[in-house]
Amino acid sequence: MVIRVVVVGGGVNGIGTALAVKQELPNCQLTVVSKDFTPDTTGDGAAGFWGPYLIKGTPDHKLVQWSQDTWNLFNEWYKSGDRLSWGVSLVPGVTVAQHEMPEEKWSHIPLSYKTLTQEECAKYGRKYRSGYRFTTLIAEASRFLPKLMARVEESGGTFMRKNLSSLEEVASTADIVLNCTGLGAKYLVPDDSVYPCRGQVMRVRAPWMKEFFADDSEDSSFCYVLPNIDTVVLGGTHQDNDWRREVDPADRETIWRNCIENFPSLKNCEVVKEWVGLRPCRTGGIRVDTDEIVVNNRHIPVVHNYGHGGCGVSTFWGCSREAASLAADLIHKYHGPPSKL
């Protein structure tokens, strides 16, 4: 018996989950269904900065575990000798704020994590009271997503571009569905706890910027400067329940002013692109669990993997592996041991 697996969602978590499923269940018949694939996903516009933040409703130990798994994968890509095509770079930098920041629970994962003294923070501006320095991996989804899709295809997976109105549409011809629809889960599950967090950034040419900088203050000075391989990402906004996808001139001005204030050398750099993305947030935190839907009296198991907010890239491989493991367990429960596949 060939098990029919459908992954819904073409973003970082959807493609990651599809690849993890193929590694867990190599003989399954896998189809990835999505309205959008790279280069039109939210992840394609993101900087790809590995720097998870605690999400209310998500157990800290799970977030750290998922982030560790993802760090390990990025590190493999970085050491592969093919780091540029994977879009991975090793970048040092600092996060500072005007409020007191505790040591991050993931501080043992990246390289050279160090809590800064108030005097050290003041070197970046007298207003800063606390912060930390570390070296992180930045993985640009616009580069690694096509490579992951190629791996899924090489393993026998197929892709279907379709705008679904419900999970039942694909469940009728599947033995198991993995829901990685991000913001779309609000309507497809449906899950009213899902909401957008609008992020606006600009990409500039500033090859002299070799370190990342993040002002994590909870006021109008919030900003970040994140070097990518060919450009530098300047941001940003964190606007909950804001569905606007067009560039806002007022936000542009705030981003520009805050970044220039910290780094005057950016003043005359070339702006390559401006972009707006909607982070797929969820009131209850990241959801990686099991469910079931009924179609024509058939009970079809579902694995959910959504609600990552701004941690989609930082946690994607850990979440993908856990979703695939849950899928394997459900297939065993509904269809017998994997050896029968």
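How many of the residues making up the range 228-271 are charged (D, E, K, R), over 30 Å from T283 (Cβ atoms) and surrounded by 18 or more Cβ atoms within 10 Å (Cβ to Cβ)?
Residues that pass the stated criteria total 0.
Looking only at residues that are of a type in the set (V, I, T) and over 18 Å from the mean Cα position of the chain (by Cα) in the range 284-300, which one is surrounded by the fewest Cβ atoms within 10 Å (Cβ to Cβ)?
Selected residue: V294.
What's the number of the only condition in (1) farther than 18 Å from V233 by Cβ; (2) under 15 Å from the mean Cα position of the chain (by Cα) that D44 fails to meet?
Only one criterion is unmet by D44, namely (1).
Which condition from (1) surrounded by fewer than 16 Cβ atoms within 10 Å (Cβ to Cβ); (2) touching a strand residue (DSSP E or B) at 6+ places or on another chain (Cβ under 8 Å) is the one that G93 breaks?
(1)
For the range 117-161, how many residues meet the condition of being touching a Lys or Arg at 6+ places or on another chain (Cβ under 8 Å) and in a strand (DSSP E or B)?
4
So A20 fits all but one of (1) over 27 Å from T95 (Cα atoms); (2) touching a helix residue (DSSP H, G or I) at 6+ places or on another chain (Cβ under 7 Å); (3) assigned to a loop (DSSP other than H, G, I, E, B); (4) among the small types (G, A, S); what number is the exception?
(3)
Kindly provide the set of residues from the range 162-179 that are part of a loop (DSSP other than H, G, I, E, B) and in contact (Cβ under 8 Å) with a residue 40 or more places away in the chain, ordered by number.
K162, N163, L164, L167, S172, T173, A174, D175
So which residues in the range 180-193 are touching a residue at least 24 places away in the same chain (Cβ under 8 Å) and over 23 Å from V21 (Cβ atoms), if there are any at all?
S193, the sole residue that qualifies.
From S80, S85, which residue is of a type in the set (S, T, Y), surrounded by fewer than 21 Cβ atoms within 10 Å (Cβ to Cβ) and either in contact with a Leu (Cβ under 9 Å, 6 or more places away or on another chain) or without any contact (Cβ under 8 Å) to a residue 24 or more places away in the chain (or both)?
When all the criteria are applied, what remains is S80.
How many residues are acidic (D, E) and surrounded by 22 or more Cβ atoms within 10 Å (Cβ to Cβ) if we restrict to the range 198-227?
Residues in the range 198-227 being acidic (D, E) and surrounded by 22 or more Cβ atoms within 10 Å (Cβ to Cβ): 1 in total.
Which number in (1) closer than 30 Å to V6 by Cα; (2) under 25 Å from the mean Cα position of the chain (by Cα); (3) surrounded by fewer than 19 Cβ atoms within 10 Å (Cβ to Cβ); (4) of a type outside the set (S, T, N, Q) marks the one condition that Y306 misses?
(3)
Computed from the coordinates by the stated procedures, all read-outs in this text should not be read as laboratory data. Since we're looking at a predicted model, the values are computed, not measured. When we count neighbours, we look across all protein chains shown, and the Cβ atoms used for this are built from the backbone with ideal geometry, even at glycine.
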